[in-house]
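One structure is given here, and the rest of the page talks about it.
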């Protein structure tokens, strides 16, 4: 019913403009009335052959499509140019028509210009308060957001300065003053671009509304002079600029109709405070404008297409509790509680499927959230897996696109001066071609990774190139090895590094931003990134080039300084632009389930709405105080007459948006939330859910719980994706119901998949159901496996002692490392190489004992220190860091020398007491068997040691660190950096401790000591602190010689254990040890073996029992 007076105003038009404002609550049918009037006007225009006499202003492109569809439905035909436009598109068209010389500045351009403004002010010393953070991307984003907020409310720089300088301390005034300066300089840059032609000006997304408003106020209506009808619908409020545009258009239009959703005057909710203020502002504007007749009408709800429960939500959500009468009928309103985001995604997709199965058209279903983040992307992915088409406007970060990431990685590698980890990652990226054939590139990547680790290079371009150039050239014997003609005959890694050095040469030094961009285009072409090989639907690279092109254009027209910058600063500036850019994701098109941001739903009708992610952390969206304006600042600005958002207004806006979204539902409203987050921590429902519950009687609104912990669907109805289908089919087959699996296997494309599936089933059965070890438990008894093992370990194979010990201790680890040749990669970069340190000490001690020790202790000390220094410097020190590390380790040489000489003195005293003679070092670093190649040149070659007899003969190789002898006795010594594990006879019988026992036999069999000499001791020499100690456990506190019986028992144990170990290896018995710590497997080979799963069944299924010939396989 009417709720206002008619306001008569003057106008320059030849007619009086009529303005009608329709106000009413949700479901009052306001849009339906406007559609009827709009279609009548369109029909009259069609009949008269006049087009463009009606225009409809709507808030979003989604609402534009919705209104156009409704118009076509009412008219029964598609309409040519129905003139349904958003405010932004309308203003762009006005500015383009009235001032072609004006240029639009997009979001990327704004960030680029604003960064230049901040740099200029900071360089001139005008940002003292913000100086510490002025260079950060976070400050740039905050400054951009603040300027956008001020411009939306048409708060000019001078207004901002006037209102903010009335109160507050000096620090606050300085902070606000600097913000005003940034804003003012930015606006001046738009009005007077330093590089543009004299007539050119720029406008940003907010400025386009200002410009259009000014043109309309000046009477520059152009083609709009023919307007007979203007409809404005879908808005809850207007900014000042929008409001003035509407008033200006109304003065030139015969009839203007505006719809606002608001409660009747007798029961207006707090959430509509901004809408009421908008209504009063319109009343005032129309009252001051001549030539307009204004009529404000309030209408009652008439929409019978809405369920009673949804009418209750739209009419009473967020109302005063004493005015809410809870109802018993909650039909159409659903709440779903899940455990985890993944479960929420499944629950949503299951609900969508049930709606579609019940006859609901996919286009009638809308899924929304406060923001469509990663959790909603999971729902979209699951929908597509389920064969449900998706219509959405979402996008992903430009930075996340593979080609963009690859290019940025290349630049960061150069910026960081070629760190080894960066190089290894870079050369393994298949997107980067380096103008090398794929096979060559893969070989180069492997070669590079291996050599970086062996050289222990931390990085440094000059060090890396120097190290790889020293032995880079290789003779190419095979002309058909695949290398393209003209490539140099050098190692693949060296060629790749030279290529990388060449393409990155332009990125050293300084250049202007636009010059960096030009070089970036060239680099992308050199790396093979500027090709059309993007996956279908992934236009990330095209978007990246658009960003670069836009930045380049802005730089040439609007950047004042253009100071040369280095690569690091360029990367920072480029990153700021990339982070502001998104790439549209693949859209299955209209007619499918729609995924929309919440603010895209305000002006469209939704038969079935699903609102996801309703947790307290997501809804309402909380905006904390930032370092620019806190809530106190905003309150002071509001007191000064500026319409800035404070916390109260933001909370009210959040409530109004939520109400506007849920009140668009017509048939059903489903609200979902997860009770735990992705990390397993408790999360709690949004307070808005409690407000929904309060609208209904107790028990009327039930909460469904979706708890699916088992990944296997319990029933056919729960199958969503192809993965679910396979799991369900297998589960059914395991229960003896094979129909589903047979149907799936019969499909043409599933041949390889069913074979893989059957192989997996065979593995699972053998591992977890069959008694005794099988091929999946480490028993390789097949003929093909036996042939491989026979080739690896023939009868003439020389086992190293460490190999046999490794097998005896961990058979499965031996299989992984010695049969499959899997190796744990050494970390990249310089490190303390304990193996190199040990080798250096071994060699130094061999040199030291190769000469007669002087009676002069100082001379001995100097000689040993010299030998250690020499050995530590041996070998390549490819990088400055590695050379520095060697120098640092050299500082410990005096301590090592002092420690060893003290140990030597103690050892000599104990041996003299035991042998009644001073020990003499007779041999050092003696290699036997295939280890001969590691001995120093000139040392006589030693054959391998043979253990066992007949078919059980085993050939052994190894290296003895030291042999001491005197007075008919000899000792066998093995150096250790930190002590050796003492053993018992049982350890020799089991093969877990063979080293010293084998070395003692080797000394005798190889004639390293006089045949009459008796073995006195075998032991470890702890170089770190302990000195010499017997290797075999004994209760004696003083050093004693081994008795003859013990020596014979050790020899007998060797003859028994070693042939058994070799036979087991050749037989393919590589069973894990049930006592092995899981951590060791996980650390070394966690990808290929889950030892914990095997342990669970090892004992009950006798998996650790060594199989007998002819046993199960």
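The values are calculated or read from the model by the stated rules, or taken from the named source; none is laboratory data. Remember, it's a predicted structure, so these values are computed and weren't measured experimentally. Please note: Cβ atoms are built from the backbone with ideal geometry, for glycine as well, and neighbour counts cover all protein chains shown.
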Residue list for the range 280-298, restricted to those being outside any helix (DSSP H, G or I) and over 18 Å from residue 33 (Cβ atoms): 289, 290, 291, 292, 293
I'm trying to understand the selection: among the residues of the range 30-52, which are at negative phi and outside any helix (DSSP H, G or I)? 50, 51
Is there a residue being closer than 30 Å to residue 213 by Cβ and either surrounded by fewer than 17 Cβ atoms within 10 Å (Cβ to Cβ) or not assigned by TED's automatic domain parsing to the domain that holds residue 87 (or both) anywhere in the range 123-133? no
Taking the condition touching a residue at least 12 places away in the same chain (Cβ under 8 Å), in contact with a helix residue (DSSP H, G or I) (Cβ under 8 Å, 6 or more places away or on another chain), surrounded by fewer than 16 Cβ atoms within 10 Å (Cβ to Cβ) and not assigned by TED's automatic domain parsing to the domain that holds residue 963, does residue 802 pass? yes
Filtering the range 104-122 down to residues that are outside any helix (DSSP H, G or I) and buried (at least 19 other Cβ atoms within 10 Å of the Cβ) yields 105
When restricted to 188, 214, the only residue surrounded by fewer than 17 Cβ atoms within 10 Å (Cβ to Cβ) and either on the phi > 0 side of the Ramachandran plot or assigned to a helix (DSSP H, G or I) (or both) is 188
Helices (runs of 4 or more DSSP H) wholly inside the range 732-849 that include at least 1 residues being within 30 Å of residue 1068 (Cα to Cα): 751-768, 783-792, 801-809, 811-814
Filtering the range 88-103 down to residues that are in a helix (DSSP H, G or I), more than 24 Å from residue 582 (Cα to Cα) and free of Cβ contacts under 8 Å to residues at least 60 places away in the same chain yields 93, 96
Just to check your reading of the model, which residue among 1018, 1003, 946 is buried (at least 21 other Cβ atoms within 10 Å of the Cβ) and either part of a strand (DSSP E or B) or under 52 Å from the mean Cα position of the chain (by Cα) (or both)? 1018
How many residues of the range 868-879 are modelled with pLDDT of 70 or more and either outside any helix (DSSP H, G or I) or farther than 21 Å from residue 849 by Cα (or both)? The answer is 1
Check 549, 575, 568 and return the single one that is free of Cβ contacts under 8 Å to residues at least 24 places away in the same chain, closer than 30 Å to residue 414 by Cα and surrounded by fewer than 16 Cβ atoms within 10 Å (Cβ to Cβ). 549
Can you pull out every residue in the range 263-285 that is more than 21 Å from residue 643 (Cα to Cα) and in contact with a strand residue (DSSP E or B) (Cβ under 9 Å, 6 or more places away or on another chain)? 263, 264, 265
Exactly one condition in (1) modelled with pLDDT of 90 or more; (2) exposed (fewer than 15 other Cβ atoms within 10 Å of the Cβ); (3) not in a helix (DSSP H, G or I) is false for residue 699; which is it? (1)
What pairs come out if I take residues in the range 171-188 that are modelled with pLDDT under 90 and pair them with residues that are surrounded by fewer than 19 Cβ atoms within 10 Å (Cβ to Cβ) and part of a helix (DSSP H, G or I) whose C-beta lies under 7 Å away, six or more apart or interchain? 179/146; 180/161
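So that you can scan it fast, the table gives a plain yes or no per residue for (1) in the same structural domain as residue 519 (by TED's automatic domain parsing); (2) under 19 Å from residue 665 (Cα atoms); (3) surrounded by fewer than 19 Cβ atoms within 10 Å (Cβ to Cβ):
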site	(1), (2), (3)
327	no, yes, yes
352	no, yes, no
356	no, yes, yes
369	no, yes, no
412	yes, no, yes
Restricting to the range 361-400, name every residue that is in a strand (DSSP E or B) and under 14 Å from residue 348 (Cα atoms). 365, 366, 367, 368, 369, 390
